[in-house]
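The values are calculated or read from the model by the stated rules, or taken from the named source; none is laboratory data. Because the structure is predicted, anything quoted here is derived from the model rather than measured. So basically every Cβ, Gly included, is an ideal-geometry build from the backbone, and we count neighbours across all protein chains shown. Please note that ligands, DNA and RNA were not included when accessible areas were found on the heavy atoms of the full protein model with its side chains. Shrake-Rupley method; radii C 1.70, N 1.55, O 1.52, S 1.80 Å.
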Amino acid sequence: MHFSKGNLILILVFVGGIILPTAILSFLGFRNIQNEMFLAQKNFDENQAALEKDIEDAIEKEQEKIYQETKAASLFLYEQPRSLLEFGNAASFKDVAGIEAIFLYNNGKLVYPDISSKHFYPTHDFSSVVASVNEQRLFEAEQDTSSREVLLHRLIKTNSPFITKNEQVVNILGIIRLCYKEKNYEEALKWLKVLESNPHLQGYLHADLTRSVNLLHFEILVKQKKHAEAEDYSLSVLNQFLQSESIEDIPSAKFFFETAFSQILSFEDLSQEKRESFWNLRANFNRQLGYMEILSKYRKNFEDLLSNDFMSKDGILYRSRDDVTLFKMGYPFLSGNQIVIAKIDTEAFRARLIERVKNVSQRWKNVPFSIIDEKDSLLAGAIPDSSGVISQTRISGAFDWEFSLYEKDMKEIRRESRQRMYLMYGLLLFSLITVVFGSFFMLRFIIQEHKLLAMKANFLSSVSHELKTPLTSIKMFAEMMARGRVTKVEKVQEYSGLIGKEATRLENLIGAILNYTRMEHGTGAFKWERLDFSVCAKKVFEAVEDIGVEKGLEFHTKFEPGAYVMGDYTALYSLAQNLIENAIKYTNAPGEITISVYNEEDRAVFSVADTGVGIDSSEQKNIFNDFYRVGDEMTRSTKGSGLGLAIVKRVAETHKATISLSSKLGKGSTFTVRFKKVD
Ligand code: ADP
């Protein structure tokens, strides 16, 4: 095969630019795959070290963050309200996620919570005392109201050795509760006042019971809708509470104030100003009471931490005992011996750390690790079934956690490298297919191009030959006549006739070339109109009939009217002309040619049948190609350009018509064109 210089360069670029790099890449890729296992193991070791560091850093950083946040929150502690008046003001207080309570000490003395600076004792559980109201006496009292008075009187007056003061109070409380239950509020209040003002009994009124009395008193005032009195009463109780030297009933006080303030806040007639005050009061006071409760509960732990001198000013020290974790830090904002102790909200603190660890470990999905807490439960990662432990480290800080790294499953490494190998194979296969297909199409394109070029060259030489032959004849006859050698009239007539015939041949040839060029330029030059194909075909027939008759051929025609199609007249004319002329050209006398135009449902059909030389089945698909001529004797002796059927095919295509051919060598051919009919 012969390639042009341009094509050769294209092939070289293709080979050099695609095939060569693909081959080099494949080679490198295969070499890499061989190293894959070694690389995977190396990579894994590096990842393990990095993960371990990442986890340690994450925990340290999150703890540092909580510590910094606590430090920032401790700034507000000196500004917290101290007196009853201040409690009503809004105080800014900063909560830290993971910290339940925060305390400030100066020289070992508590500064915040402020109300706890008084001496207080840990509480005892008095709930059983409250519950053990002497049921028998109550029952008696319930039976007879008059006996209540007697009983009460006796209780207050008598200093009986058989009944303790505490028991006396409990009994009185029982009676007051009974009055309250019977909605006998006035009587209840009367006895409450006796109880609250009777010095004889008051001294013995235990703190827990005091709150019970207070709450009953408050509830009765609320029931009586004496809201202003109820508010004043709650404040007076608060005042008393703040002034008392020993505060030993934090849980019951908390309960009283929480209940009383919540009820007050639900009063509809409470002014906006008072509502704000009570709101702040409740927030400030309850927070401080809550902190005090913690302080009293874990008193030992606090004392232990306070007495520990090992503490730099900006350092941090954790102490975990009895399920409570405290941390101590130097108060950074004032000189002197200030210390902040914070109680960790274990769940929230732990949640923050775990969240951080999980975020970090997500980046190292293929490194097996686990973090186990002090209670042996898994916090992050997973414990693999088969792989052994490589290393175990303790994570220091607030919690005692264990961080373990495990061997990587060799199966997994193998699987991973196999996966990469498959991917590589896939990619190689893909590029190979692309290259093969690309080459195939390119080659086909080049061959086609080559054929076309050869055909065009062939066309040019045959066309110039065809043009030259008639011209030579015309020139010869014209010269002969011009020299005056031909004198006989018959000869002059014969020669002029020959000149005319040759000129027509020339004209036809030029017409075919022009037609073909017109088709090559596309349908832009077409003038679309509705026309009757019968009329068009008939015109063609009338123009060429003589040639056929002269040749000794017999014509049969049928031009059914109304075969309307949308099309360009000139194009359709040349379609009909080429088919009819071919039939005449390739049929020897005596022969028959049948030309018909008829309607068939939504189609207009044009068919030209001859009894001529026919076309071999192997040639049938080629004859519609540009410049194609069958290489038999008949064709060679017939003049033509090889463009006629190419024009027919193009016209049919542009008119969305179909062409069918049925032909048998030596018997004849029938060309049928079916157009879409229009109304
Ligand atoms: P040409 O100018 O050679 O006639 P065409 O494109 O019209 O070119 O036809 C292509 C070839 O098809 C012709 O060379 C001829 O061999 C063959 N051919 C066309 N029409 C007929 C027909 N009616 N009978 C036999 N052969 C035909």
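Please work out which residue is surrounded by the most Cβ atoms within 10 Å (Cβ to Cβ), limiting yourself to region 655-666 and to residues that are in a strand (DSSP E or B) and more than 8 Å from the ligand (Cβ to nearest atom).
ILE659
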From the list TYR516, TYR573, exactly one residue is touching a Cys at 6+ places or on another chain (Cβ under 8 Å), under 26 Å from ASN625 (Cβ atoms) and open to solvent by less than 70 Å² (accessible area, probe 1.4 Å). Which is it? TYR573
Among the candidates TYR291, TYR331, residue that is within 23 Å of GLY108 (Cβ to Cβ), surrounded by 13 or more Cβ atoms within 10 Å (Cβ to Cβ) and modelled with pLDDT under 80: TYR331
If only one of LEU216, LEU195 is open to solvent by less than 30 Å² (accessible area, probe 1.4 Å) and either touching a Ser or Thr at 6+ places or on another chain (Cβ under 8 Å) or at pLDDT below 80 (or both), which one is it? LEU195
Among (1) exposed (fewer than 12 other Cβ atoms within 10 Å of the Cβ); (2) closer than 21 Å to MET292 by Cα; (3) modelled with pLDDT of 85 or more, ASP345 falls short only on (1)
Read through the list (1) more than 25 Å from THR517 (Cβ to Cβ); (2) crowded, with 20+ Cβ neighbours inside 10 Å; (3) among the aliphatic types (A, V, I, L, M), then give the number of the only condition that ALA646 fails. (1)
Please go through region 504-546 and pick out each residue that is modelled with pLDDT of 85 or more and more than 15 Å from GLU581 (Cα to Cα). TRP528, GLU529, ARG530, LEU531, ASP532, PHE533, SER534, VAL535
Any residue at all in region 603-611 that is open to solvent by less than 10 Å² (accessible area, probe 1.4 Å) and within 16 Å of the ligand (Cβ to nearest atom)? yes
Mind listing whichever residues of region 458-473 are open to solvent by 70 Å² or more (accessible area, probe 1.4 Å) and modelled with pLDDT under 75? ASN458, LEU460, HIS465
Kindly list, by first and then second residue, each pair from a residue in region 351-373 that is open to solvent by 30 Å² or more (accessible area, probe 1.4 Å) to a residue that is assigned to a helix (DSSP H, G or I) and small (Gly, Ala, Ser), limited to pairs with Cβ atoms under 7 Å and residues at least 6 apart or on different chains. ARG356/ALA58
Give me the residue from region 586-602 that is farther than 15 Å from PHE671 by Cβ and small (Gly, Ala, Ser) and, out of that set, farthest from the ligand (Cβ to nearest atom). ALA589
Could you grab me the full set of residues in region 248-267 that are open to solvent by 40 Å² or more (accessible area, probe 1.4 Å) and touching a His at 6+ places or on another chain (Cβ under 9 Å)? GLU248
Can you confirm whether region 79-97 contains a residue that is open to solvent by less than 40 Å² (accessible area, probe 1.4 Å), modelled with pLDDT under 75 and either touching a strand residue (DSSP E or B) at 6+ places or on another chain (Cβ under 9 Å) or under 26 Å from ILE344 (Cβ atoms) (or both)? yes
When region 631-642 is examined, which residues are found to be surrounded by fewer than 18 Cβ atoms within 10 Å (Cβ to Cβ), at pLDDT 75 or above and either within 8 Å of the ligand (Cβ to nearest atom) or not in a helix (DSSP H, G or I) (or both)? GLY631, ASP632, THR638
How many residues are within 17 Å of ALA457 (Cβ to Cβ) and either open to solvent by 40 Å² or more (accessible area, probe 1.4 Å) or near the ligand (Cβ under 6 Å from one of its atoms) (or both) if we restrict to region 621-630? 3
Result of the Cβ filter at 9 Å on region 567-582, keeping first residues that are touching a residue at least 24 places away in the same chain (Cβ under 8 Å) and partners that are of a type in the set (S, T, N, Q) and away from the ligand (no atom under 16 Å from the Cβ), at least 6 apart or interchain, is GLY567/THR654; ASP568/THR523; ASP568/THR654; ALA571/THR523; ALA571/THR654
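Table: residues versus (1) within 6 Å of the ligand (Cβ to nearest atom); (2) free of Cβ contacts under 8 Å to residues at least 12 places away in the same chain; (3) open to solvent by 20 Å² or more (accessible area, probe 1.4 Å); (4) closer than 22 Å to LEU531 by Cα.
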position: VAL613; (1), (2), (3), (4): yes, no, yes, no
position: ASP616; (1), (2), (3), (4): no, no, yes, no
position: GLU619; (1), (2), (3), (4): no, yes, yes, no
position: GLU653; (1), (2), (3), (4): no, yes, yes, yes
